[in-house]
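Undergrad: Shown below is the structure under consideration.
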Amino acid sequence: MDALLNRQIFDTTYAPPRDRFGAWLDMLAHTPALMRIRTEHADDFVARAEFLDLGPIQLIRHRYPSLDGIRTRKLIQRSEADYYLLALTLTGTGIADQDGQRGVCRPGDFTFYDCARPQELSHRGDDNGREPASSIVVFVPYDALPLSHRRLAPLFAGRMSGTEGVGALLANYLIQLTGNPEQYHAVDAERLAGIGLDLLSTMLGRHLFSTDAVPTEVRRRALLTQVRAHIRQHLGDVTLSPQHIADVHHISVRSLHRLFEAEETTVAAYIRDQRLERCRRDLADPALRDQPIQAIAGRWGFRDKAHFSRAFRAAHEETPQAYRAQRLEQARIVNTAASLVNSEPTY
């Protein structure tokens, strides 16, 4: 079995209340975000950090009481500094300051720092600070981004939206990955990091008002990720077509087809394959055994029964009816065996 992503959890609740804040500071000392922290909750600092190692980048999902932090030149000298830090606010309100720039970040907003420069931050939880604050932080080595340090400087400590466009796609990626790390394998770490870096580079490039700042191949991969996400979210939409997809993403149909050429597939084939995969999954689900096959097919965009049957048989070498019957029988056998084991008396 493949190993899962490298994940580590730090939780202060395993320490006595008086030791929790000190334990949190010790943890921060081993990251590129070494800071001097002030908080009104130092006597019982209930906090949690989940670390996810993707090779080129590191993700941390934080939850902590309201706090203020400052990173001085002296602290910079004591830690690794050749990193950028991207932070996505999940709950509470964050205020970021660096090089005379300030950004106020509410849930769904990004901010971006240079770890080699002094900075200040404040993150307050909701309900006047009585609720915990939470965020996702990404540490990105300088050389992992295709944008020059000089070009990125105007973005430090600014606010960028994570609720629209490429920013929303990046936010969803970070939330899904850190919220469900058990769904991914260690062998996928480099590829997952590449997707995140492409989305981040494209978002930063757009906030610099120059998509030309981002290499063509990075922009292509980021746009492809965005198009694929749109398709997966609208599989049941009868209007989903190459023209519709191109219009939504403000590109020509010809450009859309070129985007998929490097993937050795077509737009139509990708839509069909995604729809078939959703149908296959639902047909194998015992909870949906009473739903007509045509209803399942229609939910995922197949309006014609004969066309669906032909497409499904071509993909799986059996009819939808035969596929469903076989998978549900397998599920019945497994569940029956489990019931027999669970019904045995315990002593």
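The values are calculated or read from the model by the stated rules, or taken from the named source; none is laboratory data. Predicted, not measured: the structure shown is a model, and the values here were computed from it. Accessible surface areas use protein heavy atoms only, side chains included; no ligands, DNA or RNA. Shrake-Rupley method; radii C 1.70, N 1.55, O 1.52, S 1.80 Å.
Undergrad: In Å, the Kirkwood hydrodynamic radius of the chain over pairs of distinct alpha carbons?
TA: 23.2 Å
Undergrad: Next question. Let me check against my output: what whole-number percent is the relative contact order of the chain, with C-alpha pairs under 8 Å and at least 6 apart?
TA: Computed over the chain, the figure is 13 percent.
Undergrad: Using a Gaussian network for the chain with springs between C-alpha atoms less than 10 Å apart, which of these wobbles most: L28, L328, L59?
TA: Of L28, L328, L59, the Gaussian network model singles out L328 as fluctuating most.
Undergrad: Please pull out the direction-averaged projected area of region 101-256, using the convex hull of its alpha-carbon atoms, in nm² to one decimal place. Working shown, then result.
TA: Values: hull surface 47.1 nm².
One quarter of the hull surface, i.e. the mean projection, equals 11.8 nm².
Undergrad: In nm, what is the difference between 0.36 nm times the number of residues separating R313 and V187 and their Cα-Cα distance? The partial results should precede the final answer.
TA: Values: separation 126, 0.36 × 126 = 45.36 nm, distance 3.17 nm.
Stretched out fully, the R313 to V187 stretch lengthens by 42.2 nm.
Undergrad: Give the carbon-plus-sulfur fraction of the accessible surface of the chain in %, rounded to a whole number; probe 1.4 Å, heavy atoms of protein chains only.
TA: Its accessible area is 50 percent carbon and sulfur atoms.
Undergrad: Using alpha carbons only, what's the Rg to Rh ratio of region 1-158 with Rh from Kirkwood?
TA: Over the Cα atoms of region 1-158, Rg/Rh equals 0.96.
Undergrad: Helix 189-207 versus the longest principal axis of the chain: what angle, 0 to 90°, nearest 10, using Cα atoms?
TA: Approximately 70 degrees, to the nearest ten.
Undergrad: What residue among V140, V248, V218 has the largest mean-square fluctuation in a Gaussian network model of the chain, using Cα springs under 10 Å?
TA: V248
Undergrad: I've got another one for you. Please express the Cα-Cα pair-distance distribution P(r) of region 184-253 as a list of whole percents, one per 5 Å bin, running from 0 to the bin with the greatest distance.
TA: Histogram of Cα-Cα distances, whole percents per bin: 3, 15, 20, 20, 18, 14, 8, 1.
Undergrad: Could you please tell me the mean projected area of the C-alpha convex hull for region 214-274, averaged over all directions and given in square nanometres to one decimal?
TA: If I average the Cα hull's projected area over directions, I get 3.9 nm².
Undergrad: Which ³J(HN,Hα) values in Hz, rounded to whole numbers, follow from the phi angles of region 103-117 under the Karplus curve 6.51 cos²θ - 1.76 cosθ + 1.60, where θ = phi - 60° and Gly and Pro get x?
TA: With coefficients 6.51, -1.76 and 1.60, one gets x, 9, 10, 9, x, x, 9, 9, 9, 9, 10, 10, 5, 8, 10 Hz.
Undergrad: To test your reading of the geometry: what angle, between 0 and 90 degrees and rounded to tens, separates the Cα axis of helix 320-343 from the longest principal axis of the chain?
TA: The answer is roughly 60 degrees.
Undergrad: Expressed as an acute angle from 0 to 90° and rounded to the nearest 10, what is the orientation of the C-alpha long axis of helix 165-179 relative to the principal long axis of the chain?
TA: Roughly 90 degrees, rounded to the nearest 10.
Undergrad: On average, how much accessible surface per residue is there in the chain, in Å², for a 1.4 Å probe, leaving out ligands, DNA and RNA? Walk me through the numbers before you get to the answer.
TA: Working: 18370 Å² over 347 residues.
Heavy-atom SASA per residue in the chain reads 53 Å².
Undergrad: Just want to confirm a number: the relative contact order over region 145-216, from Cα pairs under 8 angstrom separated by 6+ residues, in percent.
TA: Relative contact order here is 46 percent.
Undergrad: So what's region 1-71 giving for Cα Rg divided by 2.2 N^0.38 Å, two decimals?
TA: 1.21
Undergrad: Run the Debye formula on the Cα coordinates of region 245-324, all scatterers equal and no solvent, and tell me log10 I(q)/I(0) at q = 0.19, 0.27 1/Å.
TA: -0.82, -1.23
Undergrad: Still on this structure: How large are Rg and Dmax for region 144-210 when calculated on the C-alpha trace, in angstrom?
TA: 13.2, 38
Undergrad: Could you give the alpha-carbon Rg of region 34-74 over 2.2 N^0.38 Å, rounded to two decimals? Walk me through the intermediate numbers first.
TA: On the way: Rg = 12.8 Å, N = 41, 2.2 N^0.38 = 9.0 Å.
The reported ratio for this selection is 1.42.
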